[in-house]
Each structure stands twice: as C-alpha cells, then as structure tokens.
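Here's the structure, in structure tokens; my notes come after.
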Amino acid sequence: MGVPVADDRRLFEKLCLEGFQAGLSWLTILRKREGFRAAFRGFDPDAVARFGARDVARLLKDAAIVRHRGKIESTLNNARRARELVEEKGSLAAFFWSFEPAPADRPKRVTRPVLRGMATTPASIALSRDLKRRGWTFVGPTTAYAFMQAMGLVNDHLEGCAVRERAEKARARFSRPR
C-alpha cells in the first residue's frame, strides 16, 4: 500500500522479494509469498545469514519459491550484508530511511505521465549504488525504487487515488528512524 515501514524484517523481506521478482510477474511472487517466508525463516536476516550450501540445495528443490540459484544465493549474501549494516547503522530502517528524498525532489503532482518517467530516481540510484558498494546483489535502481514505493519512502499513489491521502497521513505521523 505504500505506507511507511520501519520494521527491519519487513524491509529485508520486501527487498529480497523485489530481487526475486526481477524478470517475473508480481503475481508469481505474491502467490509464493508464504512459501518464501517459510523457506527463508520469516526473512530473519540473522537466520538466513547462517544458511549454507545445503540450504541452497534444499531451496533449489522447493517448488513453493522461485528456484533461481542466483537469486537464492543473493538472498543469503544480502542477509549477511544486512547484519553488517545493522552493526554499522543500528537498524536497516535507519539506513533505508536515510535515502528518503526531500519533498523538493519529488514531483508536485503525481500523475500517470509523471510516473511513467520514474522507473528510477536520483534517490533510488543512490540507494542502489550504496547497497552495491556494500556487497549487496540484485538491488539495481529500478528494484530500489519499487522497494522505496512499497515501503512508503515515497508516495506514488496518483492524485485522486483514495489510498494517496491515507498514505500521506501515515507518512505525516511516521517517526523516521535515525
């Protein structure tokens, strides 16, 4: 829905699922979401960071998820990188929310033509670059922007959309993690 999220586990899950979605339909990912949650221990970065070669082999046989070796190995790698980020920044939320664009950097009105031109933004490019510099994978700027939309870092609901106002109110009440 695009309301702000500060829960590290939910943020990690969403970024992982965005990576799995690359090249696929979101419907495919949504239908397998519970399978992903079971396979990846509820997307607990500490638990996933301990996965090894046997787990990769197990996951490659799990029809409840997308069985793509690169994306599975990316999730394990990113869990390890997430732990490092938490050590450095205190939380994933504090890190991700530091990339929230300033209001002046956002469009004055969100319309279909505006959204069509926003597959990436300077903020999503910066987030992607920083994650890649830290060793994360499957986190390109388009993936980063979809993540930012879903987790409420930006509100891209169209003008006049009933959800837009609810998302804006939630953003106004939200305490940004530091």
Q) Residue check, Pro141 against (1) open to solvent by less than 60 Å² (accessible area, probe 1.4 Å); (2) out of contact with any helix residue (DSSP H, G or I) (no Cβ under 8 Å at 6 or more places or on another chain), all met but one. Which one? A) (2)
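Let's see how each residue does on (1) part of a loop (DSSP other than H, G, I, E, B); (2) in contact (Cβ under 8 Å) with a residue 60 or more places away in the chain; (3) within 26 Å of Leu24 (Cβ to Cβ):
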position: Ala104; (1), (2), (3): no, no, no
position: Arg129; (1), (2), (3): no, no, yes
position: Gly160; (1), (2), (3): yes, no, no
position: Glu168; (1), (2), (3): no, no, no
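With respect to Leu115, is the statement that it is at pLDDT below 95 and either among the aliphatic types (A, V, I, L, M) or more than 12 Å from the chain's Cα centre (by Cα) (or both) true?
Details: at pLDDT below 95: yes; either among the aliphatic types (A, V, I, L, M) or more than 12 Å from the chain's Cα centre (by Cα) (or both): yes.
So Leu115 passes the test.
Are any of the residues in the range 28-35 within 11 Å of the chain's Cα centre (by Cα) and surrounded by 17 or more Cβ atoms within 10 Å (Cβ to Cβ)?
Taking the range 28-35 first, the residues within 11 Å of the chain's Cα centre (by Cα) are none.
The answer is no; no qualifying residue exists.
How many residues, within the range 149-177, are on the phi > 0 side of the Ramachandran plot and open to solvent by 40 Å² or more (accessible area, probe 1.4 Å)? Show your work before the answer.
The first filter runs over the range 149-177 and keeps only residues on the phi > 0 side of the Ramachandran plot, leaving 152, 160.
Checking which are open to solvent by 40 Å² or more (accessible area, probe 1.4 Å) leaves us with 160.
Total meeting the criteria: 1.
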Q) From the residues in the range 1-23 that are modelled with pLDDT under 95 and over 14 Å from Ser74 (Cβ atoms), which one is least open to solvent (accessible area, probe 1.4 Å)? A) Gly2
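So is Ala123 among the hydrophobic types (A, V, I, L, M, F, W, C) and surrounded by 15 or more Cβ atoms within 10 Å (Cβ to Cβ) or not? Full working, then the answer.
On the way: among the hydrophobic types (A, V, I, L, M, F, W, C): yes; surrounded by 15 or more Cβ atoms within 10 Å (Cβ to Cβ): yes.
So Ala123 passes the test.
For the range 51-97, name all the residues that are of a type in the set (Val, Ile, Thr) and either under 14 Å from the mean Cα position of the chain (by Cα) or open to solvent by 80 Å² or more (accessible area, probe 1.4 Å) (or both). Spell out how you get there, then give the answer.
We begin by selecting, within the range 51-97, every residue of a type in the set (Val, Ile, Thr); these are 56, 65-66, 72, 75, 86.
Matches in the range 51-97: Thr75 only.
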Q. Can you find a residue in the range 76-91 that is assigned to a loop (DSSP other than H, G, I, E, B) and of a type in the set (A, V, I, L, M, F, W, C)?
A. no
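The values are calculated or read from the model by the stated rules, or taken from the named source; none is laboratory data. All of these numbers come straight from a predicted model, not from anything done at the bench. Methodologically, a virtual Cβ is constructed for each residue, glycine included, from the backbone with ideal geometry; neighbour enumeration extends over all protein chains shown. Side chains included, ligands, DNA and RNA excluded: accessible areas come from the protein's heavy atoms. Shrake-Rupley method; radii C 1.70, N 1.55, O 1.52, S 1.80 Å.
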